[in-house]
Structures are given as C-alpha cells and as structure tokens.
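Student: Please see the structure below; I have some questions.
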Protein chains: 2
Amino acid sequence: MTKAKMSIIGAGSAVFSMSLVRDICLKDSLKGSTVCFMDIDKERLDVVHSLAERYAKERNADLKLEKTLERNEALQDADFVINTALIGGHTNVEKERECGEKHGYYRGINFASYFHQLKLMLDVAEDIEDACPDAWLIQASNPVFDGCTLMTREIRDKVIGLCHGHYGAYQIARVIGIDPDEVTFQAPGVNHCIWMTDFRYQGKDAYPLIDEWIETKAEDYWKTWDGSPTDAQMSPAAVSLYRMFGLFPIGDTPRFAGAWWHHVDLETKKRWFNKYGGFDSEVGWSYYLEGLAKRIDRMVELSRDSSASISSEFKPVPSREQHIPIIDALVNDNEGKFQVNVPNRGAIEGINDDVVVEVPGIVNGQGVQPIHVGALPKHLTLHILRTHIIPMELGLEAFKTGDRNILLNRILLDHRTRSYEQAQEVMRAILTLPFNEDLRKHFGG
Amino acid sequence: MTKAKMSIIGAGSAVFSMSLVRDICLKDSLKGSTVCFMDIDKERLDVVHSLAERYAKERNADLKLEKTLERNEALQDADFVINTALIGGHTNVEKERECGEKHGYYRGINFASYFHQLKLMLDVAEDIEDACPDAWLIQASNPVFDGCTLMTREIRDKVIGLCHGHYGAYQIARVIGIDPDEVTFQAPGVNHCIWMTDFRYQGKDAYPLIDEWIETKAEDYWKTWDGSPTDAQMSPAAVSLYRMFGLFPIGDTPRFAGAWWHHVDLETKKRWFNKYGGFDSEVGWSYYLEGLAKRIDRMVELSRDSSASISSEFKPVPSREQHIPIIDALVNDNEGKFQVNVPNRGAIEGINDDVVVEVPGIVNGQGVQPIHVGALPKHLTLHILRTHIIPMELGLEAFKTGDRNILLNRILLDHRTRSYEQAQEVMRAILTLPFNEDLRKHFGG
C-alpha cells in the first residue's frame with residue numbers, strides 16, 4: 001500500500017473527476033492518497049472539490065483532497081498527472097464547426113481543438129519534467145493518438161494514453177446475445193482505430209457467432225434498434241468495415257475508420273449508423289452535448305443541496321475506467337493487463353516504433369510493457385497508415401513547423417473538398433476566428 | 001568492347017526500338033552485338049525488323065538483328081532484356097476509360113493496364129530466371145514503380161526501371177532562359193513523382209533563377225505559351241506544387257503528384273496546365289495518341305518504300321534515352337551516373353528499403369549502385385507515402401491476393417468517388433469488360 005498524489009488537470013470535468021474519486025475510494029491499496037483537482041474554471045473546480053469532499057466523508061475514505069487554479073501547484077510532488085483538459089471547451093469546437101459548414105464542410109473542421117490541445121499537452125508534459133519528473137502522465141483528453149506521439153517523441157517517456165473505446169467488444173457480446181463477462185478479446189491499432197484480432201466466448205473463438213448474427217439477425221436488429229444515438233458498435237458501418245478489412249472495428253472505430261462514404265450527409269449517416277445518424281451527426285452530437293450539460297447541471301445542483309447523498313448518486317461500484325487500476329498496478333505492483341496508448345516499439349508490425357499505438361500492455365511495478373500483437377492484415381495496416389498515421393504525422397509537422405502548406409494539403413486531401421479555392425477559403429476563415437489568433441500567427445497568416 | 005545480346009520485349013513499339021538501334025549503332029563499344037526484337041504482333045515486328053536491318057546497313061554497323069514471336073526464344077542467351085510491352089495496347093486502356101467515365105470518373109480508371117502489366121512483368125522476370133538468369137532486365141513500360149517493386153521483391157534483383165521524365169529539368173532551363181547544357185540537377189523520388197533537390201547553373205544554385213522567373217515572367221509565359229499539349233513542366237500546376245512542397249516537381253510529376261484538384265474537369269485542367277488541359281486531358285491525350293498513330297503510319301510507310309533512307313529519318317545523333325549508355329556501362333565498365341528505378345535500400349530516408357525509388361545511381365561493371373540522397377522534406381515524404389507508396393502497396397496486395405475489397409477501397413479513396421454504391425458499380429462494370437475476364441475471376445466476381 002502506497003500513498004500517491006494524483007493531480008487532475010482539467011478536473012472541472014465533473015463526471016470524470018467524481019468517477020475517479022469513487023474508484024480511489026474503492027481501492028484499499030490507495031488509502032491515504034491525495035487527489036489534487038486543478039482547473040482554470042473556479043466555479044466548476046469548487047463544485048467538483050466540494051462534491052468529492054462530501055463523497056469521501058460519506059464513504060469514510062482516507063483521502064486527501066486539494067484544489068488549485070495553478071497547474072504548477074498541482075504538479076508539486078505529484079506521482080500521477082491525469083490530463084483531461086479540453087482547451088476552449090466545446091464552445092470553440094462548435095464555432096469552428098459552424099465556420100467549416102458555411103464553406104461546405106458537413107460537420108466542420110477542427111483546428112483549435114487539435115493544435116491548442118497539442119500545445120497544452122506539450123506544456124503539461126514540460127511542466128511535469130520540471131516539477132515532478134518521476135511522475136506518470138496519463139493522457140485522457142483528445143487527441144490521444146497525436147498528443148501522446150508528440151509528447152513521447154519530444155518530452156518524456158512516462159506517458160500513457162487512455163480511452164475506453166475498446167469496451168465496445170462487450171457491446172458486441174451483448175448484441176449478439178452472449179455473456180460479456182465470459183468474453184475475452186484483443187483489439188490493437190491506433191487510438192480510435194482499433195480492430196479485434198481475437199474474440200473468445202468461454203475460451204473459444206467467437207467470431208463465428210458474429211458472422212452468424214450478421215447472417216441471420218443484423219437486418220432485424222438494424223430495423224428495430226432503439227439504443228443510444230452514440231452507439232455505433234453493431235451498425236451497418238461497422239459490419240461493412242468488418243467485411244472490407246476482415247477484422248471487426250471496435251469502439252470509436254466505426255466512427256473514425258477513415259470511411260468518408262459513411263459521413264456524406266445526415267441521410268447517409270442514418271443509413272450507415274442509426275436513425276439518429278450516429279454519434280457524429282448533428283442529431284447524435286446534440287444528444288451528447290445535451291447529456292453533458294445535464295450532467296454538469298446535476299453536479300451543480302448536488303453541490304448546492306447539502307442534504308443530498310453524493311454516494312447514492314455515485315454508487316460505490318468501480319467504474320470501467322482504467323485510470324485507478326493502472327495507478328494501483330504501478331504503485332503497488334498489482335499487475336494487470338490494460339488497453340494502453342504507448343509508443344509502438346515493435347508491438348504492431350509495419351508501424352514505426354515512435355508512433356503511439358493502442359495495444360494491450362502489462363502494467364506493474366516495472367512500468368508499462370506493451371504486448372507484441374504482431375501484424376494486422378496488410379490491407380488494414382496500409383489503410384491505417386493512409387487514413388490515420390500519415391495525417392497524424394502531417395498534423396504534428398504542421399504544429400511544429402507552422403507550415404501553412406501542410407494545413408492546406410490536409411484540407412485538400414479531405415474528401416469533402418471540391419476545389420483548391422474552397423480549401424484555401426475555409427483555411428483562411430477558420431484561422432480568422434478570434435480564438436485562433438495564435439494559430440493564424442503560427443501559420444504565417 | 002563486349003558483344004552483348006539485347007532482347008526487346010514489345011519491340012513493335014517502333015520508335016522506341018529504332019531509337020535503341022540508332023543508339024547502339026553510335027556506340028563503338030557495343031560493336032558486334034545482337035538485338036533480338038520480340039513482339040506478338042507479327043506485322044509490327046516485321047516493320048521494325050526490316051527498318052532496323054536497313055538502318056544498320058546504311059550505317060554500315062556491325063550488328064546482328066533477330067526477330068521472333070516467341071518470348072522464350074528471345075530470352076535465350078540474352079544479356080539484357082528490355083521490356084517495353086503494353087498488354088492490350090492503348091485500345092483496352094481507352095475502353096476502360098470510357099467505362100469509367102460512364103460511371104462519373106472523368107478520364108476513367110485503369111485496371112487492365114495495371115494488373116495485366118504486373119502479370120506480364122512477373123512472367124517476363126520469371127522466364128528470365130529460367131532462360132538467362134544472369135541477364136539484366138530493363139523495365140521501360142509502365143507501371144515502372146509498381147512493377148519494379150513487385151519484380152525485385154518477388155523474383156530478381158537485377159532489374160532497372162527507366163523513364164525519361166527527369167529530363168524535365170532541362171526544360172526548366174530552357175523556359176527560364178539558361179543553357180540546359182550548363183545545368184546539373186538531382187531529382188529523386190518514386191517514378192512519376194520526383195522532386196528537384198538540387199539545381200545548378202554553371203555550378204551555382206539556380207533555384208533563385210526559378211523563383212525570379214515565377215515572380216517576374218510566369219504570368220506572361222502562361223498567357224502566351226504555345227508549346228506541346230503534353231508539356232506541363234512549367235505549368236501553374238507545377239509552380240503550385242513547388243510552393244506547396246518546397247521542391248520543384250520534375251517531368252511527369254506535375255501530372256501525377258496526387259493533386260486531384262488539378263484534374264477535376266477539362267476547364268480546371270486548362271487553368272492548371274495549358275490551353276489543351278495538359279497531357280492527360282481528352283485534348284492532350286488525343287494529341288498524344290494521334291502522334292503515336294502517325295509515327296506508326298510513318299514507320300509502315302518507310303518500311304514499304306525501299307528507296308527511302310532510314311538514317312535521314314533517324315539522324316545519327318544519340319537519343320537521350322539511357323538504355324544503351326547503361327548497357328555500355330554494365331558490359332564495358334564505362335561508368336556513368338544515371339536516373340534509375342531500383343530498390344531504395346536507404347537511398348531516400350523515410351521510405352522502406354524494398355520500395356523501388358527513382359534516384360541517381362552509379363552504373364559500371366559492378367552493377368547499379370543508388371546514390372544516397374538523404375531525406376526529402378518531411379511534408380513531401382508524407383505526401384509521397386500517402387498518394388504513391390501506399391496506393392502502390394495496395395495495388396500489389398490486390399494483385400497478389402485477389403482481394404476484391406482492396407480494389408473497392410482503392411476506388412473509394414479516389415477523390416472522384418461520391419458514394420459507396422458508385423465505387424461498387426464502377427468496379428463491377430470494369431471487371432465485366434470482356435478483356436478483363438481474368439481479373440473478374442481473380443477478384444472473385
């Protein structure tokens with residue numbers, strides 16, 4: 001049992017922070033630890049801190065809870081830094097989207113939430129090197145793929161990117177009617193583009209069960225499906241990608257597999273995802289944002305109602321997030337296998353060593369050791385290179401050099417672009433948005 | 001001085017064959033050599049053979065000329081095999097194009113001239129291994145990039161791909177008004193996608209002269225330009241690519257740089273290339289095909305007119321083709337530096353060793369040794385990977401596996417594709433063309 005200090009950057013993400021606190025309270029081996037909440041939004045920070053305090057008290061947990069508006073204060077003596085911050089929040093993302101749509105880009109283009117995030121990640125990683133160089137940095141906010149590749153190349157090795165998309169494999173089990181608790185799987189790739197290389201039910205290959213479901217039940221499922229707008233795990237898009245590449249796409253992969261033809265417009269999205277057009281349509285995304293806003297409102301409401309029981313809101317059951325189990329594995333040598341985003345170093349053949357991949361890794365007192373999963377099918381590897389790794393490399397190169405031509409090239413090769421002029425114009429328009437002033441300068445505009 | 005046997009596969013390409021014969025006649029060091037013409041078209045073969053016989057006689061050349069319809073006969077004891085064959089000729093290419101255009105693909109899609117060519121190249125390379133394993137194979141017909149990569153990976157090392165696109169550098173000199181004879185340059189890349197890393201006039205960096213021309217003369221040049229429809233070397237497209245990637249694109253590169261936005265329709269092509277829309281527009285391409293047909297007619301006419309002087313048609317001046325100088329370098333150790341397509345093996349950083357690149361190479365009695373040219377700008381390397389190397393790898397993988405999904409993926413990622421259904425339909429239509437019967441079977445249709 002070791003006391004650890006965990007600092008959460010962007011702790012105003014209340015649900016994320018509270019889920020983390022709950023997970024810590026449930027881990028006896030982390031008793032006596034400190035959680036330091038840091039956010040630049042004082043109001044949200046206070047809400048989270050007070051809820052966490054009350055929760056810990058209700059649970060009678062041995063846990064020290066701190067809060068600060070200063071990143072460097074949070075980093076002092078930290079053993080773990082969890083970065084969940086999204087600069088500019090969703091507001092800027094939506095403003096950029098609107099601007100992109102005006103120029104003919106359905107669902108828009110993101111610069112700010114990409115380049116500002118990369119900058120923030122680098123800054124945090126650098127500050128850690130100064131303040132607490134032995135700490136592990138756990139990167140939770142996006143872009144995990146690009147950001148972790150950048151940080152591990154430029155600043156430090158002790159970075160783990162985390163996502164929860166891989167749990168989509170259990171959703172497959174639920175949909176095809178087998179017990180998720182009896183399922184094992186492996187789904188390597190790069191973040192948001194992972195593919196199930198192994199799927200077992202009670203120890204036996206369960207891919208034939210997927211095939212049977214597709215053959216006999218998929219059509220009915222798609223007709224009568226009534227789930228969450230954000231669920232795309234067993235969508236026609238996912239099945240089509242499975243047919244194309246031979247492995248089932250997991251989690252966020254059906255959304256982000258580089259298949260532009262699933263995303264042409266709302267009608268097309270409805271056909272490939274669900275009646276809402278999936279997570280990323282205007283319908284699905286509004287649902288997501290509304291849910292987010294509701295959860296924040298609920299947190300504020302809870303924090304104001306001093307008679308409310310926080311632990312009846314956050315039932316004392318471990319979340320499925322990997323953060324705390326990984327921290328426990330690292331500080332207490334409680335070894336486990338996790339889905340981690342770390343530099344490839346040969347884990348997936350055909351991908352450069354210094355590209356961060358998402359693979360199963362063994363985590364224990366030694367650190368994180370990715371498991372060698374071998375090669376993906378060649379067609380799939382080439383597709384991932386073309387639609388994910390090279391665009392990531394272009395993004396990082398644009399970020400580092402400020403070369404406007406790389407931005408332009410990225411937009412030109414976007415399948416939605418219809419002409420050279422359109423690409424130039426949307427680029428100019430996005431760089432002229434007030435919150436992108438720094439980017440406009442960086443890219444010589 | 002060594003007598004060599006050179007066999008030309010597809011020797012019915014009369015201009016190519018006659019140019020080769022002229023170059024041999026001009027090389028004293030190749031006296032006594034044998035040229036064996038092979039083609040499956042007896043009529044064209046006879047024309048070429050009789051013209052070559054007359055030419056050699058007129059020039060009083062010590063040269064043995066053979067002809068055969070059988071490839072294996074041609075390969076017996078060959079020291080060099082020059083493959084210039086195009087299966088199905090231009091007729092099939094144009095039929096496929098027409099089919100593609102019906103489905104909304106301006107200027108069409110090529111399957112036959114890709115997969116049939118790969119098959120032929122492999123067959124020739126395999127036959128060489130049996131008949132004359134010490135021979136050098138010089139690949140002249142396209143796709144040089146894909147085909148040479150395939151052959152060097154699968155069959156044999158002694159393959160050199162040749163093209164003449166790199167001479168575009170001299171066209172730059174002519175246009176900007178400096179003496180091409182006083183110019184040196186280096187332009188590595190992959191075939192049809194090469195970029196000038198060095199350009200000197202009288203030993204000094206001449207890139208500033210290009211910049212000055214762009215600044216002060218380009219607009220006028222484009223307004224008053226009156227050259228060949230196939231000349232794109234100093235087109236707005238080329239200058240735009242130079243601005244985007246920082247190196248000037250050479251030869252066929254402005255046509256094939258992966259910039260779909262230059263090729264949307266004839267109007268767009270006119271703006272980016274020339275008043276004919278460049279080499280690959282319906283206008284430029286017709287001009288090219290008509291020229292080809294005229295040259296063939298002229299050959300036939302010459303062959304029928306026994307009083308005509310062949311050497312006044314083919315003036316005894318060396319062509320700029322590299323074939324014969326390279327053969328001379330190999331058999332007589334007359335060392336030279338040439339532009340060759342050979343496996344990379346580190347010559348260009350950031351490209352896999354087993355990808356055939358186009359680089360300067362030293363050729364002498366030892367063989368071909370590519371010159372290490374280092375790294376291209378990162379943005380450019382990534383662009384070449386994305387638009388040339390990965391599509392090549394997908395093409396070879398489709399060829400080897402017969403996986404229809406790879407074909408479909410290739411078409412889907414074509415910027416002209418507007419929907420999944422369109423891609424499926426054009427694929428089906430092209431595979432249903434009579435001369436693609438074998439491909440339809442190969443791809444499980």
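The values are calculated or read from the model by the stated rules, or taken from the named source; none is laboratory data. Source: prediction; values computed, not measured. Because the Cβ atoms are built from the backbone with ideal geometry, glycine has one as well, and the counts that use them run over all protein chains shown. Just so you know, the surface numbers come from the protein's heavy atoms only, side chains and all, with ligands and any DNA or RNA stripped out. Shrake-Rupley method; radii C 1.70, N 1.55, O 1.52, S 1.80 Å.
Student: Would you check the accessible area of B:Ser419, probe 1.4 Å, heavy atoms only, in square angstrom rounded to 10?
Tutor: 40 Å²
Student: Still on this model: With a Förster radius of 51 Å, plug the Cβ-Cβ distance of B:Asn352 and A:Thr91 into 1/(1 + (r/R0)^6) and report the FRET value to the nearest 0.05.
Tutor: For B:Asn352 and A:Thr91, the calculated efficiency is 0.70.
Student: Let me check against my output: what whole-number percent is the relative contact order of segment B:117-184, with C-alpha pairs under 8 Å and at least 6 apart?
Tutor: Computed over segment B:117-184, the figure is 29 percent.
Student: Give me the net charge of A:Gly168's neighbourhood, meaning all other residues with Cβ under 10 Å from the Cβ of A:Gly168; Lys, Arg count +1, Asp, Glu -1.
Tutor: -2
Student: Follow-up question, since we're still on this one. Roughly how far apart, in whole Å, are the Cα centres of segment B:237-300 and segment A:312-354?
Tutor: Cα centres, segment B:237-300 to segment A:312-354: 53 Å.
Student: Here's another thing I want to ask about it. Note down the nm distance, to one decimal, between modelled labels 7 Å out along Cα→Cβ at A:Asp46 and at B:Ile40.
Tutor: Taking the two extended label points, one gets 8.4 nm.
Student: So which aspartates and glutamates can B:Lys31 reach, going by Cα to Cα under 16 Å and dropping same-chain residues fewer than 8 places off?
Tutor: B:Lys31 reaches B:Asp23, B:Glu53, B:Glu58, B:Asp62, B:Glu66, B:Asp79, B:Asp328, B:Asp333.
Student: Counting helices only, and only those DSSP H runs with n ≥ 4, report the 222 nm mean residue ellipticity of chain A as the sum of -39,500 (n - 2.57) divided by its residues, in deg cm²/dmol to the nearest 500.
Tutor: -14000 deg cm²/dmol
Student: Could I ask something else about it? Need one value for B:393-405: mean number of C-beta atoms belonging to other chains within 10 Å of its residues' C-beta atoms.
Tutor: Neighbouring Cβ atoms belonging to other protein chains average 3 per residue here.
Student: Protein chains only, probe 1.4 Å: how do B:Glu215, B:Glu321, A:Glu335 rank by accessible area, largest first?
Tutor: Result of the area sort, largest leading: B:Glu215, A:Glu335, B:Glu321.
Student: Could you sort B:Tyr105, A:Tyr201, B:Tyr114 by accessible area so the largest value comes first, with the probe set to 1.4 Å?
Tutor: Of B:Tyr105, A:Tyr201, B:Tyr114, the descending order of accessible area is A:Tyr201, B:Tyr114, B:Tyr105.
Student: Roughly how much of A:Arg345 is accessible, in Å² to the nearest 10, using a 1.4 Å probe?
Tutor: 140 Å²
Student: When the accessible area of chain B is computed with all protein chains present and a 1.4 Å probe, what percentage of it is carbon and sulfur?
Tutor: Exposed carbon and sulfur together represent 48 percent of the surface.
Student: Can you give me the relative contact order of segment B:373-442 as a percent, contacts being Cα pairs under 8 Å and 6 or more apart?
Tutor: Relative contact order, segment B:373-442: 17 percent.
Student: Just grab the label-to-label distance for B:Lys57 and A:Ala375, each label 7 Å out from Cα along the Cβ direction, in nm (one decimal).
Tutor: Taking the two extended label points, one gets 5.7 nm.
Student: Straight-line reach from B:Lys400: which lysines fall under 28 Å, measuring Cα to Cα and dropping same-chain residues less than 8 apart?
Tutor: Leaving aside lysines fewer than 8 places away in the same chain, those within reach of B:Lys400 are A:Lys378, B:Lys95, B:Lys119, B:Lys158, B:Lys441.
Student: Multiplying the sequence separation of A:Asp265 and A:Lys31 by 0.36 nm and subtracting their Cα-Cα distance, what value in nm do you get?
Tutor: 79.2 nm
Student: Now a separate question. What FRET efficiency, computed as 1/(1 + (r/R0)^6) with R0 = 35 Å and r the Cβ-Cβ distance, is obtained for B:Tyr287 and B:Asp333, rounded to the nearest 0.05?
Tutor: About 0.25, to the nearest 0.05.
Student: Which residues of segment A:370-384 show a drop of at least 30 Å² in accessible area when all protein chains are present, compared with their chain alone (probe radius 1.4 Å, heavy atoms only, ligands and nucleic acids excluded)?
Tutor: The answer is A:Lys378, A:His379, A:Leu382 - residues whose exposure falls by at least 30 Å² when every protein chain is included.
Student: Another question, if that's okay. Just the accessible area per residue of segment B:1-133, please: how many Å² with a 1.4 Å probe?
Tutor: It amounts to 41 Å² per residue over segment B:1-133.
Student: Whenever you get a sec, line up B:Thr152, A:Thr91 from highest to lowest accessible area (probe 1.4 Å, protein heavy atoms).
Tutor: Result, largest first: A:Thr91, B:Thr152.
Student: Continuing with the same structure: To the nearest hundred square angstrom, how large is the accessible surface buried between B and A, total for both chains, probe 1.4 angstrom?
Tutor: The contact between A and B buries close to 3300 Å².
Student: For B:72-81, what's the mean count of beta carbons from other chains sitting within 10 Å of each residue's beta carbon?
Tutor: Per-residue shielding by partner chains comes out at 0.
Student: Considering lysine pairs in segment A:195-312 that are 8 or more places apart or on different chains, how many have Cα atoms under 28 Å apart?
Tutor: 10
Student: Taking only C-alpha pairs under 8 Å that are 6+ residues apart, what is the relative contact order of segment B:268-379 in percent?
Tutor: Across segment B:268-379, relative contact order equals 16 percent.
Student: Other chains near A:414-423: what is the mean number of their Cβ atoms within 10 Å of each residue's Cβ?
Tutor: 3
Student: Taking the Cβ-Cβ separation of B:Tyr106 and A:Glu98 as r and a Förster radius of 30 Å, what is the calculated FRET efficiency to the nearest 0.05?
Tutor: Taking R0 as 30 Å, the efficiency between B:Tyr106 and A:Glu98 is 0.40.
Student: Then there's this: Sticking with the crude label model, points 7 Å out along Cα→Cβ, report the distance from A:Arg156 to B:Glu70 in nm, one decimal please.
Tutor: For A:Arg156 paired with B:Glu70, the spin-label model returns 7.4 nm.
Student: Need one value: the accessible area of B:Lys270 in square angstrom, 1.4 angstrom probe, rounded to the nearest 10.
Tutor: Taking all protein chains as shown, B:Lys270 has close to 80 Å².
Student: Name the residue from B:Ala218, B:Met121, B:Val190 whose Cα lies farthest towards the positive end of the charge dipole of segment B:92-243, charges +1 on Cβ of Lys and Arg and -1 on Cβ of Asp and Glu.
Tutor: Selected residue: B:Ala218.
Student: Something else now. Before I look further, what does segment B:258-341 give for accessible area per residue, probe 1.4 Å, in whole square angstrom?
Tutor: 49 Å²
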